[in-house]
């Protein structure tokens, strides 16, 4: 998500062309056709000012040699065309190789985190469908990681992962004796696993929330009919629940993907501002290389390249899922 | 439709494991907040042997937590109120009018949410700084700048969810009001809004949570006097010492209100998501 917590908004719901109030009273039509735009104006102005204009400026910056010498006065920054792109996407150079490495780390991280979160969220929602004692408490408990501010959740996890004072090593080493040596979790090879666990902990409740909302739209008699036909748990899941959840899942998976791929907060707070190579997600990579070298031109070029990649993936995803829907 | 014994046990096992996964960090947050500093600097213990509330006292003086808290409260509440107000008008337009560009608006607003924050962080930072130099309007390192930034973060989802809510309110009610001579704005305030109160509350809480939890922009756009909790809480780890008991105590204090608010209103969220997502 562009911003920490709000990736869940990508679905543009299609609305049937209903009869709005606008079709009536022809005498007042001129005012009425203007009114919706007036109502929208504040939202449009804000979106333009905070999202669209800065993004265009960012695209422009990616074409400039915007190093520390020019940052105070942009007019002195030479226009260099696509040079920044050539530089950051040259995977034979050190900087390019680091970016490629960071890209692959992010891909694996995203696929694993989204996959696991979706499975856990769906499992919990399906298993909480039937009323039983303690269901309300479990539901509230499962939603808590989602409601917790990112930084408090991730700071707590970084305490759990401390080598000498953390819970994880206490359980694995002192109580279960699985390792002879106390492993490091926040530096070196294990940092990827640590990052993934924290990410899943934070995002599966969102999958749970969405699937739970989707399940409420499945009429109970579908299950009755399936059960009468002798369908067991897995059969009902495969033939009733999952097909009915398809519209929700289409949106949910896309949103989780974009959210996770752009994730900055989790590694930033977990590793205290600098991620180890094994967990160097793309957002934090761009952030650090921009502020380390003060080369905002190449930083912007990397951001634009990232945006183009996400656009292509999203467009492909929507095309494929739409075609399947039309075939069905 | 009866549950078989195997299904029942599978359900219990899976739900128990998930509950443990969720509970462990929460438990550590609470129990470590109750430990003295010495105990969190030594090997981990499950139970606080010498429980104390000292961390809840000390946390206010180790870092200026009070100031961070006030900053976060001001920024998040003002951003939430403005965001919801703007969203209400926009959602009313999208829900009740057919106009040219309606589809484009929805798609554009929602797609801004997929942009990597890092892409507009640097430009926005430079725009705020330059605007300050040119006009004297200080948006960089001020609460106002943060408020304006954050209110756009929650705007798209708020609009989307409110459109879902407004759509579920029968248009017959609008028309009845119009027959009585009510204009569009009176229709919005006297007919549509009262029927959508749960949705408005849910969206307000969501907007507040969004601003309360944001890290990336807070880390670049604030200075010592406008710093929010998201950045301020990192002050407990100094070069020499990490006050883990105080971090956990502070985390607990700043989490409780939002978690409580969210859990109290979660069914409105589910209803809003159902209205929006399932179409």
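The values are calculated or read from the model by the stated rules, or taken from the named source; none is laboratory data. All values derive from a computational prediction rather than experimental measurement. Methodologically, a virtual Cβ is constructed for each residue, glycine included, from the backbone with ideal geometry; neighbour enumeration extends over all protein chains shown.
Quick look at the numbers
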read-out: Matching residues, the stretch B:12-58, being under 29 Å from residue A:196 (Cβ atoms) and in contact (Cβ under 8 Å) with a residue 24 or more places away in the chain; value: B:28, B:29, B:30, B:32, B:33, B:35, B:40, B:41
read-out: Odd one out for residue A:193, checked against (1) in contact (Cβ under 8 Å) with a residue 24 or more places away in the chain; (2) under 22 Å from residue B:26 (Cβ atoms); (3) more than 11 Å from chain B (Cβ to nearest Cβ); value: (1)
read-out: Identity of the residue in the stretch B:176-190, within 17 Å of residue B:94 (Cα to Cα) and facing another protein chain (nearest Cβ under 8 Å), that ends up modelled with the highest pLDDT; value: B:187
read-out: Some residue of the stretch A:103-119 being out of contact with any strand residue (DSSP E or B) (no Cβ under 7 Å at 6 or more places or on another chain) and farther than 27 Å from residue A:310 by Cβ; value: no
read-out: Top-ranked residue of the stretch B:224-245 - restricted to ones that are surrounded by fewer than 16 Cβ atoms within 10 Å (Cβ to Cβ) and under 15 Å from residue B:72 (Cβ atoms), ranked as nearest to the other protein chains (Cβ to nearest Cβ); value: B:224
read-out: Matching residues in the stretch A:122-172 - criterion: being within 19 Å of residue A:196 (Cα to Cα), more than 7 Å from chain B (Cβ to nearest Cβ) and not in a helix (DSSP H, G or I); value: A:161, A:162, A:163
read-out: Residue A:270 being more than 9 Å from chain B (Cβ to nearest Cβ), farther than 30 Å from residue A:63 by Cα, over 16 Å from the mean Cα position of the chain (by Cα) and surrounded by fewer than 17 Cβ atoms within 10 Å (Cβ to Cβ); value: no
read-out: Selection within the stretch A:44-79 - closer than 19 Å to residue B:109 by Cβ and more than 10 Å from every other protein chain (Cβ to nearest Cβ); value: none
read-out: Filter pass, residue B:163 being buried (at least 17 other Cβ atoms within 10 Å of the Cβ), touching a helix residue (DSSP H, G or I) at 6+ places or on another chain (Cβ under 8 Å) and over 22 Å from residue A:35 (Cα atoms); value: no
read-out: Lone unmet requirement of (1) touching a residue at least 60 places away in the same chain (Cβ under 8 Å); (2) within 22 Å of residue B:55 (Cα to Cα); (3) at the interface with chain A (Cβ under 10 Å from one of its Cβ atoms) for residue B:216; value: (2)
read-out: Residues of the stretch A:219-248 that turn out to be more than 10 Å from chain B (Cβ to nearest Cβ) and closer than 28 Å to residue A:312 by Cβ, as a count; value: 2
read-out: Residue check, residue A:226 at negative phi and not in a helix (DSSP H, G or I); value: no
read-out: Given (1) within 22 Å of the chain's Cα centre (by Cα); (2) in a loop (DSSP other than H, G, I, E, B), index of the condition residue B:204 fails; value: (2)
read-out: Complete set of residues in the stretch A:39-59 that are surrounded by fewer than 17 Cβ atoms within 10 Å (Cβ to Cβ) and under 17 Å from residue A:302 (Cα atoms); value: A:56, A:59
read-out: Residues that are surrounded by 14 or more Cβ atoms within 10 Å (Cβ to Cβ) and closer than 16 Å to residue B:95 by Cα, drawn from the stretch B:191-212; value: B:191, B:192, B:193, B:195, B:196, B:199, B:200
read-out: Helices (runs of 4 or more DSSP H) within the stretch B:61-153 that include 3 or more residues in contact (Cβ under 8 Å) with a residue 24 or more places away in the chain, more than 9 Å from chain A (Cβ to nearest Cβ) and surrounded by fewer than 22 Cβ atoms within 10 Å (Cβ to Cβ); value: B:65-96
read-out: Residues satisfying the stated conditions in the stretch B:174-190, i.e. assigned to a helix (DSSP H, G or I) and surrounded by 15 or more Cβ atoms within 10 Å (Cβ to Cβ); value: B:174, B:175, B:177, B:178, B:184, B:187, B:188
read-out: Filtered residues of the stretch B:1-54 (kept if surrounded by 17 or more Cβ atoms within 10 Å (Cβ to Cβ), at the interface with another protein chain (Cβ under 8 Å from one of its Cβ atoms) and either over 19 Å from residue A:136 (Cβ atoms) or out of contact with any helix residue (DSSP H, G or I) (no Cβ under 8 Å at 6 or more places or on another chain) (or both)); value: B:24, B:25, B:28, B:29, B:32, B:40, B:44
